[in-house]
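K.L.:
Before I ask anything, here is the structure I am working with.
The values are calculated or read from the model by the stated rules, or taken from the named source; none is laboratory data. If you're wondering where the values come from, they're calculated on a predicted model, not measured in any experiment. Virtual Cβ from ideal backbone geometry, glycine too; neighbours counted across all protein chains shown. All accessible areas refer to the heavy atoms of the entire protein, side chains included, with ligands and DNA or RNA removed. Shrake-Rupley method; radii C 1.70, N 1.55, O 1.52, S 1.80 Å.
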Amino acid sequence: IKNCVFLCITIKAAETMMRSNQTSMVTEFFFSGFPKFEDGNLLFFIPLLIIYIFIIMGNLIVCFAVRMDTHLHNPMYNFISIFSFLEIWYTTATIPKMLSNLVSKKKTISVIGCLLQMYFFHSLGNSEGILLTTMAIDRYVAICNPLHYPTIMTPRLCTQLSIGSCIFGFLVLLPEIAWISTLPFCGPNQIHQIFCDFEPVLRLACTDTSMILIEDVIHAIAIIFSVLIIALSYIRIITVILRISSAEGRQKAFSTCASHLGVFLMFYGSVSLMYLRFSATFPPILDKIIALMFAVLAPCFNPIIYSLRNKDMKIAIKKLLCLQKVFYASAS
């Protein structure tokens, strides 16, 4: 009888624990990476808002300049315009939520919102990485095999590569996000970062977190593979450029690659700092600086690099701005 009573008590206790676990499942996450003092929120809000507006306006200008100027209707500039378009949505996936958290006392995000933010942020980032690889191959064909370039990089192939980069970038993350959505979150709900990212979120799961290492390996392989393709393309490009006899020809060849190479270094430099560290831990302040460089500063410099380092782009932007002045003058 005593054993039966003890068994009943044990079962009841287990049922109570299960019910309490179910009711205590996390429905939202709290960002602990933001400033703790009120004045600091406004101090960060204004510069971040200005940077976000600059990113949107700068990339829109690049997109419209390429579309409006017929001289820029070639594969290289089409890829640049698509990259700028992706940059707008890439920053929109995180910065508006950062801005709202800076002015809100409750710096939270729902679990579903967090998963969606991770999915769109990393899907757009993957699409940009694939597009940068495509741009490197495009420059390789243009400089190393110029006679066959028009027949290889046809408009149809460029369209397929652009669409394929976006589709693959969004599809490749679906299994990962679907797996994370099945994990139980029942314990701490503080994300020690300023936006939702894989490692900080996975550490909050009430299950074995050894999968974090597998996630790191998968991300590292994808990053290293892309970097190797781009690096090998540019090693070959540089060797071909150095063989050009005229200094003017070398300068022209280098100028066509300088902007893309600058964006590549900015993008993959910040990505490497963020995702190629495995078990290495950085101080919290350094973690946030790397996250800001990855999500905010690198996209901010891209329109500057493309507009200031490229003569044809500067001419196209001037034409676009002149058209706007004429339109407003005629409207008034």
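Listed here are the residues, each with its yes/no results for (1) under 22 Å from Ile289 (Cα atoms); (2) outside any loop (DSSP other than H, G, I, E, B).
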{"site": "Ile177", "(1), (2)": "no, yes"}
{"site": "Pro184", "(1), (2)": "no, no"}
{"site": "Glu199", "(1), (2)": "yes, yes"}
{"site": "Thr207", "(1), (2)": "no, no"}
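K.L.:
Please specify each residue of the range 297-313 satisfying the condition of being open to solvent by 30 Å² or more (accessible area, probe 1.4 Å), assigned to a helix (DSSP H, G or I) and over 14 Å from Ser81 (Cα atoms).
P.N.:
Leu297, Phe301, Leu308, Lys311, listed by residue number.
K.L.:
Which residues, counting only those in the range 181-196, are within 23 Å of Pro284 (Cβ to Cβ) and touching a helix residue (DSSP H, G or I) at 6+ places or on another chain (Cβ under 7 Å)?
P.N.:
Matches in the range 181-196: Phe185, Ile191, His192, Gln193, Ile194, Phe195, Cys196.
K.L.:
Of the conditions (1) open to solvent by 20 Å² or more (accessible area, probe 1.4 Å); (2) within 21 Å of the chain's Cα centre (by Cα); (3) not β-branched (Val, Ile, Thr), Cys186 satisfies every one except a single condition; which number is it?
P.N.:
Single failed check for Cys186: (2).
K.L.:
Mind checking which residues of the range 275-296 are in a helix (DSSP H, G or I) and free of Cβ contacts under 8 Å to residues at least 40 places away in the same chain?
P.N.:
Of the range 275-296, the ones in a helix (DSSP H, G or I) are 275, 284-296.
Ile285, Leu286, Ile289, Ile290, Met293, Phe294 - these are the residues of the range 275-296 that are in a helix (DSSP H, G or I) and free of Cβ contacts under 8 Å to residues at least 40 places away in the same chain.
K.L.:
Are there helices (runs of 4 or more DSSP H) fully within the range 64-151 with at least 3 residues that are open to solvent by less than 10 Å² (accessible area, probe 1.4 Å) and either among the aromatic types (Phe, Trp, Tyr) or under 30 Å from Ile244 (Cβ atoms) (or both)? List them.
P.N.:
Fully inside the range 64-151 and qualifying: 75-92, 111-144.
K.L.:
Criterion first (surrounded by fewer than 20 Cβ atoms within 10 Å (Cβ to Cβ), of a type outside the set (Phe, Trp, Tyr), part of a helix (DSSP H, G or I) and touching a helix residue (DSSP H, G or I) at 6+ places or on another chain (Cβ under 7 Å)) does Leu48 satisfy it? First the steps, then the outcome.
P.N.:
Working: surrounded by fewer than 20 Cβ atoms within 10 Å (Cβ to Cβ): yes; of a type outside the set (Phe, Trp, Tyr): yes; part of a helix (DSSP H, G or I): yes; touching a helix residue (DSSP H, G or I) at 6+ places or on another chain (Cβ under 7 Å): yes.
Yes.
K.L.:
Check Ile163 against each of (1) surrounded by fewer than 19 Cβ atoms within 10 Å (Cβ to Cβ); (2) at pLDDT 85 or above; (3) assigned to a loop (DSSP other than H, G, I, E, B) and name the one condition it does not meet.
P.N.:
(3)
K.L.:
Specify the residue that is nearest to Arg139 (Cα to Cα); the eligible residues are those in the range 236-255 that are in a helix (DSSP H, G or I) and open to solvent by 100 Å² or more (accessible area, probe 1.4 Å).
P.N.:
Lys252
K.L.:
Every residue in the range 215-235 that is over 16 Å from Tyr268 (Cα atoms) and either in contact with a strand residue (DSSP E or B) (Cβ under 6 Å, 6 or more places away or on another chain) or open to solvent by less than 50 Å² (accessible area, probe 1.4 Å) (or both), please.
P.N.:
Correct list: Glu215 only.
K.L.:
Does Leu273 meet the test of being under 15 Å from the mean Cα position of the chain (by Cα) and exposed (fewer than 14 other Cβ atoms within 10 Å of the Cβ)?
P.N.:
No; evaluated as a whole, the condition is false for this residue.
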